[in-house]
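A.B. asks: Here it is, the structure, as structure tokens.
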Amino acid sequence: MKTKTIVWIIALVAATAIVGVAGAATSGPSPIPSPPAFSITSNVLVLCKGETNYVPITVTDGGPAGASYPSIGVSNLTGTAMDQIELSISPTKDILPESTGTIYIGIIKANSSSTTNLPLFVSSNASLITGIGMQIVYSYDVFYTDSETRNLTFEVISCGSPLGVSVNPKTVTSGEIQNLSINFTNTGNATLKDLYVHYSVPGIDGAVVGSTQAELGSLGIGKSDRLNVSLFVSRNASIESFPLNLSATFYNMNSLEQVSNSTSLIPIGSIDLSLSGLTISPTVALPGGIVSISFVLTDIGTSGASAISVGAAAPPGFTSFGSNPVYVGDVSADSQSPVTISLELSNTVKPGTYNIPLKINYLNSLRQNITSTSNVVITVGQGGTFAAGGKEAAVRAPAAGGSSALAVITAILALALITMSYLFIKERKRGRRHTERKERE
């Protein structure tokens, strides 16, 4: 009996060992299941250059009927569901996503698909054939995650937008508020509805005064509408130009479209030439004399002026005496230059006040010729009145000096004549007394 028991125990241990060996031979980590087989496709193969190819995000199979914009379809062709799907678009020099470039889809069940519509801006210099890379990250079978990159290729053509945009003026003055007129024209063959506009400039160059957006409503075929915008231009605005960025969305028939426009604005500094320290010499001019107009020309603006000249528009009876106009040259901002212009009066100029326009001509930073005018008043006195510094005073001064000398000579001669007369009379009296004395003797 004891022997049989031992045999059974040995047999049980052996069986356990065999099962353990067999189990060891078949145990180990489970194999990783294969990821789902999927495809990324687009129902549009042609994009419009220089425009935003845009449709609203939808959750439909294949995109809206008749849509001419890219809709990206992700199809799961296996029996395994895809979860936590994330699409990332890599921007290129030709195509730039209008959004963040990352799209979350969620779950795509086995043997089904999901569609996401994307706003893509295509450069006006894009190649005829261009593409984008799309990275997809997803999870499956709860514990597993996979990622791949798929490429989409498009043909790029010039489509033309039904909305024409123009901006006036394109030259703005730095350091000031500039009023701009943005004109919109419907050049298409259908009414544009729900026209919504947003506009901005780089912060370093300035800022829009007031609202940066406007709703214009509908725009009929061939019709135009205007939007007035106030823009503050910074004193430190870009030297050559800076962009006014504009984005417009509207419905063209049943399709939502977006147009992006960038207009270059050219900033110029403000030139403000001011006259100070005005002096009229003499203060009262005389007919036949010369009068000088002296002042300091100062640029109190934000930009310098070049090739400055100042000329006096002489009224009848006045002619230039010396250079007129006077060439000043260049005056930078917050700098000054002295100027003197002289005029000669004819002998027939009547007494009174005369307005003398001073025309200041200069070039701005765009080499545009600009003229401004300032007026000065000259007073003319009577011809017999002498004024210090006048030509008449200078001419008649020698005559006045000659009269004084003649008066002195006349006085000396008169004194000599009186003296001689006195001596003659005295001598005659002495001779008479001498004769009378002899007669008495």
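The values are calculated or read from the model by the stated rules, or taken from the named source; none is laboratory data. Remember, it's a predicted structure, so these values are computed and weren't measured experimentally. When we count neighbours, we look across all protein chains shown, and the Cβ atoms used for this are built from the backbone with ideal geometry, even at glycine.
A.B. asks: Given the condition of a type in the set (Ser, Thr, Tyr), over 18 Å from Ser274 (Cβ atoms) and in contact (Cβ under 8 Å) with a residue 24 or more places away in the chain, answer yes or no: does some residue in segment 358-370 qualify?
C.D. replies: yes
A.B. asks: Let me ask something else. Between residues in segment 166-179 that are in the same structural domain as Ser230 (by TED's automatic domain parsing) and at positive phi and residues that are outside any loop (DSSP other than H, G, I, E, B) and of a type outside the set (A, V, I, L, M, F, W, C), which pairs lie under 7 Å by C-beta distance while being six or more apart or on different chains?
C.D. replies: Nothing qualifies.
A.B. asks: Give the residue that is modelled with the lowest pLDDT, with candidates limited to residues of segment 135-156 that are of a type in the set (Asp, Glu) and either surrounded by 13 or more Cβ atoms within 10 Å (Cβ to Cβ) or touching a Ser or Thr at 6+ places or on another chain (Cβ under 6 Å) (or both).
C.D. replies: Going through segment 135-156, the residues of a type in the set (Asp, Glu) turn out to be 141, 146, 148, 155.
Checking which are either surrounded by 13 or more Cβ atoms within 10 Å (Cβ to Cβ) or touching a Ser or Thr at 6+ places or on another chain (Cβ under 6 Å) (or both) leaves us with 141, 146.
On the way: Asp141: 79, Asp146: 85.
So the residue we want is Asp141.
A.B. asks: Here's something else I'd like to know. Restricting to segment 215-240, what's the tally of residues that are hydroxyl-bearing (Ser, Thr, Tyr) and over 30 Å from Ser303 (Cβ atoms)?
C.D. replies: Total meeting the criteria: 2.
A.B. asks: If you don't mind, another one. Considering only segment 329-387, state which residues are surrounded by 14 or more Cβ atoms within 10 Å (Cβ to Cβ), of a type outside the set (A, V, I, L, M) and under 13 Å from Ile280 (Cβ atoms).
C.D. replies: Thr340, Ser342, Tyr354, Thr379, Gly381
A.B. asks: Is it the case that some residue within segment 48-64 is among the hydrophobic types (A, V, I, L, M, F, W, C), over 23 Å from Val156 (Cα atoms), modelled with pLDDT of 75 or more and under 46 Å from the mean Cα position of the chain (by Cα)?
C.D. replies: no
A.B. asks: Still on this structure: Somewhere in segment 268-283, is a residue in contact (Cβ under 8 Å) with a residue 24 or more places away in the chain, within 30 Å of Phe121 (Cβ to Cβ) and part of a strand (DSSP E or B)?
C.D. replies: no
A.B. asks: While we're looking at this one, here's another question. I'd like the residue in segment 185-205 that is of a type in the set (A, V, I, L, M, F, W, C) and in contact with a Leu (Cβ under 6 Å, 6 or more places away or on another chain) and, out of all such residues, is surrounded by the fewest Cβ atoms within 10 Å (Cβ to Cβ).
C.D. replies: Among residues in segment 185-205 that are of a type in the set (A, V, I, L, M, F, W, C) and in contact with a Leu (Cβ under 6 Å, 6 or more places away or on another chain), the one surrounded by the fewest Cβ atoms within 10 Å (Cβ to Cβ) is Leu195.
A.B. asks: Also: Kindly check whether there is at least one residue in segment 121-134 that is assigned to a loop (DSSP other than H, G, I, E, B) and modelled with pLDDT under 75.
C.D. replies: From segment 121-134, those assigned to a loop (DSSP other than H, G, I, E, B) are 123-128; that's our starting set.
Keeping just the survivors that are modelled with pLDDT under 75 gives none.
No, because not a single residue in segment 121-134 is assigned to a loop (DSSP other than H, G, I, E, B) and modelled with pLDDT under 75.
A.B. asks: Within segment 98-111, which residues are hydroxyl-bearing (Ser, Thr, Tyr) and either closer than 10 Å to Met82 by Cα or within 34 Å of the chain's Cα centre (by Cα) (or both)?
C.D. replies: Those that are hydroxyl-bearing (Ser, Thr, Tyr) and either closer than 10 Å to Met82 by Cα or within 34 Å of the chain's Cα centre (by Cα) (or both): Ser99, Thr100.
A.B. asks: For Phe295, all conditions in the list (1) in a strand (DSSP E or B); (2) hydrophobic (A, V, I, L, M, F, W, C); (3) surrounded by fewer than 15 Cβ atoms within 10 Å (Cβ to Cβ) hold save one; what is the number of the exception?
C.D. replies: Of the numbered conditions (1) in a strand (DSSP E or B); (2) hydrophobic (A, V, I, L, M, F, W, C); (3) surrounded by fewer than 15 Cβ atoms within 10 Å (Cβ to Cβ), the odd one out for Phe295 is (3).
A.B. asks: Moving on. Just to be sure I understand, how many residues within segment 144-168 are in contact with a Gly (Cβ under 9 Å, 6 or more places away or on another chain) and of a type in the set (Val, Ile, Thr)?
C.D. replies: 2
A.B. asks: Outside the structural domain of Phe121 (by TED's automatic domain parsing) and surrounded by fewer than 14 Cβ atoms within 10 Å (Cβ to Cβ): is that true of Ser211 in this structure?
C.D. replies: So Ser211 passes the test.
A.B. asks: When Thr249 is evaluated against the numbered criteria (1) among the polar types (S, T, N, Q); (2) assigned to a strand (DSSP E or B); (3) at pLDDT below 90, which criterion, by number, is the only one it fails?
C.D. replies: In the conditions (1) among the polar types (S, T, N, Q); (2) assigned to a strand (DSSP E or B); (3) at pLDDT below 90, Thr249 misses (3) alone.
Quick grid of which residues meet (1) without any contact (Cβ under 8 Å) to a residue 24 or more places away in the chain; (2) under 30 Å from Lys49 (Cβ atoms):
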| site | (1), (2) |
| --- | --- |
| Ile266 | no, yes |
| Ser292 | no, no |
| Pro316 | yes, no |
| Thr319 | no, no |
| Ser323 | yes, no |
| Ser346 | no, no |
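A.B. asks: For segment 183-201, what are the residues that are under 30 Å from Gly304 (Cα atoms) and in a strand (DSSP E or B)?
C.D. replies: Scanning segment 183-201 gives a single hit, Ser200.
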